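The values are calculated or read from the model by the stated rules, or taken from the named source; none is laboratory data. Remember, it's a predicted structure, so these values are computed and weren't measured experimentally. Here the Cβ positions follow ideal geometry from the backbone for every residue, glycine too, while neighbour counts run over all protein chains shown. The protein model used for the area step is the full one, side chains on, heavy atoms only, and it has no ligands, DNA or RNA in it. Shrake-Rupley method; radii C 1.70, N 1.55, O 1.52, S 1.80 Å.
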Amino acid sequence: MAELSIPHQHGGHLQEVLRRMPEEGDFIVAADVFGQLSDATRLRILWVLCHSEECVTNIAAAVGMSDPAVSHHLRILKKTGVIKSRRVGKEVHYTLADTEEAELIHRMIDDVFAMNCPNVGIR
């Protein structure tokens, strides 16, 4: 990134910070991930999936919603790469993805709800 003309010099390290700033696209991806967490229903589904691999029917029962409504939210979460799925016979099971972003979300959810997950680090 080219050096910017900063209007006020406060003796800080703004130029160095700006040299390390991620690209615009990285912020767009991050905002999308945070957007997933801003929806209470998706947050509840993510909480379940942080701690258990489950099928749509079990997730729906756990969060008190219909299978189609849960499937809608799962599609959105899967599209952003936060969760993954695998087929088990006729069912599809969902769990948190094996990514740094998903692990960060897992830690955030555990911290927000002050829960110690027995599965942290086990994937």
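Among the helices (runs of 4 or more DSSP H) confined to region 11-82, the ones with at least 3 residues that are free of Cβ contacts under 8 Å to residues at least 40 places away in the same chain and open to solvent by 80 Å² or more (accessible area, probe 1.4 Å) are located at 14-19, 24-37, 67-79.
Name the residue that is nearest to ALA114 (Cα to Cα), counting only residues in region 83-101 that are surrounded by 20 or more Cβ atoms within 10 Å (Cβ to Cβ) and of a type outside the set (Val, Ile, Thr). Talk me through it step by step, then tell me what you get.
So the first thing to find is which residues in region 83-101 are surrounded by 20 or more Cβ atoms within 10 Å (Cβ to Cβ), and the list is 83, 94, 96-97.
Then drop every residue that is not of a type outside the set (Val, Ile, Thr), which leaves 94, 96-97.
Values: TYR94: 23, LEU96: 19, ALA97: 21 Å.
Of everything passing the filter in region 83-101, LEU96 is nearest to ALA114 (Cα to Cα).
Only residues that are touching a Ser or Thr at 6+ places or on another chain (Cβ under 7 Å) and modelled with pLDDT under 95 were counted across region 74-94, and they come to 2.
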